Amino acid sequence: MDKIKIVGGARLNGVIPVSGAKNAALPLMIASLLSEETLTLDNMPRLRDVQQLTHILSNHGVDYSVNGKRPGQDALTGQTVHLTAGSIVDTTAPYELVSKMRASFWVIGPLLARMRQARVSLPGGCAIGTRPVDFFIEALKDLGADIDIESGYVVAAARNGLVGGRIRFPKVSVGATHVVLMAASLARGETVIENAACEPEVVDVANCLIGMGAKIEGAGTPTIHIQGVEGLHGHRHSVIPDRIETGTYAMAVAMTGGDVMLEGARADLLESALDTLRQTGTEITETNSGLRVRRNGSGISPVDITTAPFPGFPTDLQAQFMALMTKAEGASRITETIFENRFMHVQELARLGAKISLDGQVATVEGVKTLTGAPVMATDLRASVSLVIAGLVADGETTVNRVYHLDRGFERLEEKLTRCGASIERVSG
Ligand code: UD1
């Protein structure tokens, strides 16, 4: 398995192009199941999760093609992909495929809406908590589906088609909001979602569905109204920039010091994280081409954070922020409220010399003067990249094992960081 080797100490200076958002790209690809016409997606990131989802969608009968490189494009320019679900040949999403990526469970919404039946494997356990699917099941029942769990599969049927309904999620769920948006777009009558996720990726998916002919109002607010339509048509849509990738590189620059332009980044997608970074002593300015992130000379001030649904501080940046706080001039408290087991990076950061104590959902980080390189490993995507951030300032060499996780969600990470002066390379093994 490949490893990433980092020699800490270099400041980051230069330009990093921000890729299309993984968490928008995945549900957008799934939305292609709703129409027999072609959905074209621009600014698609080249990621393992995207590749994995193409396997799942092909199994349902979706044709997938990627445009070749055009003049003026380089390896970091987003791709254009075409997805056509002319006819859906299989409404089962098997365990072997769904277990590799949790978001593939979301195919249940469009399959049920268009084909009136779906058999989708339960996604199973996950490194960051139990992540159940009860909200999805209750919501689809509210839209008139009959649902049984049989041998590890969710078997859903709506013999006469889905009907609009009123859904109130007990807790904000990004995935369940995506699924209801997609399913309700083809249901008969009106659906109202209360306590909907307001994440920018939900807005992006809603905008794409509207472009395909759906009638949706209120996406980006906690109450969404969807008026079901008979059918959806083809459309072309560009994926929003990845706010988590943006925040990750901003934190890397805050950590090493330097001056980096995050090209294509949008500040409105991550205000809360940017405000927090400013409090640590990092300068962030919006320009026409993106976000300029600078920290020169001054130390890193400690700041407390609590993760929360959008527009709060994203749980997907918690590990990266913790890495930054390991070098702060004082103590900070990091409270995780979204997932119950999302502190897997704590033990690994400790291997680099970080001082962190855990008490339930709260981590207290005591900043240290020096981190020291070591072999480390992480079991999820965001945790892995937090170790890269720490490695960028650790004395000596840090080896991050199981690079597999990074490839799921960060496009050409080592190339982007090398361009800015980091000493980081992939070692095959
Ligand atoms: C999505 C993101 C993930 C991010 C998370 C929270 C994608 C591909 N993934 O994951 O990167 O960390 O949002 O911002 O977009 N829950 C239930 N029952 C359910 C569904 C969810 O109890 O049926 C709970 C979860 O266990 C968790 C919380 O709700 O505690 C929020 O999870 P959710 O927003 O659904 O996360 P995902 O959509 O899986």
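The values are calculated or read from the model by the stated rules, or taken from the named source; none is laboratory data. Only a predicted model underlies this, so the values are computations on that prediction, with no experimental measurement involved. A quick note on method: Cβ atoms are made from the backbone with ideal geometry, for glycine too, and the neighbour counts reach across all protein chains shown. Only protein heavy atoms, including side chains, enter the accessible area calculation; ligands, DNA and RNA are left aside. Shrake-Rupley method; radii C 1.70, N 1.55, O 1.52, S 1.80 Å.
Okay, here's what the table says:
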| item | result |
| --- | --- |
| Members of segment 289-306 found to be touching a residue at least 40 places away in the same chain (Cβ under 8 Å) and open to solvent by 30 Å² or more (accessible area, probe 1.4 Å), listed by number | Arg294, Gly297, Pro302 |
| Checklist (1) surrounded by fewer than 24 Cβ atoms within 10 Å (Cβ to Cβ); (2) within 14 Å of the ligand (Cβ to nearest atom) applied to Val239, failing item | (1) |
| Those residues of segment 379-412 which are within 16 Å of the ligand (Cβ to nearest atom) and touching a Leu at 6+ places or on another chain (Cβ under 8 Å), in sequence order | Leu381, Arg382, Ser384, Val385, Ser386, His405, Leu406, Asp407, Arg408, Gly409, Phe410, Glu411 |
| Boolean, Thr223 is surrounded by fewer than 20 Cβ atoms within 10 Å (Cβ to Cβ), more than 30 Å from Ser65 (Cα to Cα) and in contact with a strand residue (DSSP E or B) (Cβ under 9 Å, 6 or more places away or on another chain) | yes |
| Single residue of Leu181, Leu209, Leu186 found to be among the aliphatic types (A, V, I, L, M) and under 29 Å from Thr337 (Cα atoms) | Leu181 |
| Members of segment 177-195 that are in a helix (DSSP H, G or I) and either without any contact (Cβ under 8 Å) to a residue 40 or more places away in the chain or within 16 Å of the ligand (Cβ to nearest atom) (or both) | Thr177, His178, Val179, Val180, Leu181, Met182, Ala183 |
| Scan of segment 141-182 for residues that are among the aromatic types (Phe, Trp, Tyr) and within 24 Å of Glu201 (Cβ to Cβ), ordered by number | Phe169 |
| Single condition Ala93 does not satisfy, out of (1) free of Cβ contacts under 8 Å to residues at least 60 places away in the same chain; (2) within 13 Å of the ligand (Cβ to nearest atom); (3) not β-branched (Val, Ile, Thr) | (2) |
| Number of the condition not met by Val376 [criteria: (1) touching a Leu at 6+ places or on another chain (Cβ under 6 Å); (2) closer than 23 Å to Ala273 by Cβ; (3) without any contact (Cβ under 8 Å) to a residue 40 or more places away in the chain] | (2) |
| Residue satisfying all of: in segment 242-265; assigned to a loop (DSSP other than H, G, I, E, B) and on the phi > 0 side of the Ramachandran plot; least open to solvent (accessible area, probe 1.4 Å) among these | Gly257 |
| Flag for Val229 being surrounded by fewer than 24 Cβ atoms within 10 Å (Cβ to Cβ), assigned by TED's automatic domain parsing to the domain that holds Gly86 and either away from the ligand (no atom under 12 Å from the Cβ) or within 25 Å of the chain's Cα centre (by Cα) (or both) | yes |
| Selection count where residues are surrounded by fewer than 19 Cβ atoms within 10 Å (Cβ to Cβ) and away from the ligand (no atom under 14 Å from the Cβ), scope segment 307-325 | 0 |
| Count - residues of segment 333-376 that are surrounded by fewer than 17 Cβ atoms within 10 Å (Cβ to Cβ) and away from the ligand (no atom under 16 Å from the Cβ) | 15 |
| Filtered residues of segment 379-429 (kept if of a type outside the set (Lys, Arg), modelled with pLDDT under 90 and open to solvent by 30 Å² or more (accessible area, probe 1.4 Å)) | Thr379, Tyr404, Asp407, Ser428, Gly429 |
